[in-house]
Amino acid sequence: MKKAAQRAETILQMPPVMKERKPITEVISRDLALTRHDTCKLIITDITFGLSDRTRPIFTREPDGTLRHATWEERTRMNEIYNPQPGRKLKTPKMFEDEYLK
């Protein structure tokens, strides 16, 4: 029993604690010529090998012509698409499953 307790003591560790992320609200530019050019957001991602997920440049162009840094939710989604982590999986919409594509 002592041996099991000692082994558990070495295996169990406190998970790392990170600071809370501050919201990203930085607007880079507003281009009125692009207003209503498209009805959806465009997300631009730098897929260079070796960049960390937190420092990877990701930008969003809004339908109103605003170019801004991507929010944390958008960053998480784009990083998961381009740099999938083992054990994590995106939830694929049902409309893309085989039975609905026929």
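Every read-out reported here was derived from the displayed coordinates using simple, explicitly stated rules and does not represent laboratory data. These numbers were taken from a predicted model, which means no experiment stands behind them. Cβ coordinates were reconstructed from backbone atoms using ideal geometry, including for glycine residues, and neighbour counts include every protein chain displayed.
How many angstrom separate the Cα center of region 79-99 from the Cα center of region 1-65?
A separation of 17 Å, based on Cα centres.
Relative to the longest principal Cα axis of the chain, at what angle does helix 2-11 sit, 0 to 90 degrees, rounded to 10?
Its long axis makes an angle of about 20 degrees.
Classify the chain from the C-alpha gyration tensor, please: rounded if a/c falls under 1.5, else prolate or oblate depending on whether a/b exceeds b/c.
oblate
Test of the criteria: in the chain, which chymotrypsin sites (Phe, Trp or Tyr not before Pro) are in a DSSP loop and have at most 13 other Cβ atoms within 10 angstrom of their Cβ?
Answer by residue number: Phe49.
Taking amide H atoms as placed 1.01 Å from N in the peptide plane, list the residues 5 or more away in sequence, or in a different chain, whose amide H sits under 5 Å from that of Leu51.
Correct list: empty.
Just to confirm the number: angle between the C-alpha axis of helix 72-82 and the first principal axis of the chain, 0 to 90 degrees, nearest 10?
Orientation of helix 72-82: about 80 degrees from the principal axis.
Compute the length gained on full extension between Gln85 and Tyr100: take 0.36 nm times their separation in residues and subtract their Cα-Cα distance, giving the result in nm to one decimal. Working shown, then result.
Details: separation 15, 0.36 × 15 = 5.40 nm, distance 2.75 nm.
Using 0.36 nm per residue and subtracting the Cα-Cα distance, I get 2.6 nm.
Efficiency by 1/(1 + (r/R0)^6): what FRET value for Phe59 and Met18, r their Cβ-Cβ distance, R0 = 22 Å, to the nearest 0.05?
0.40
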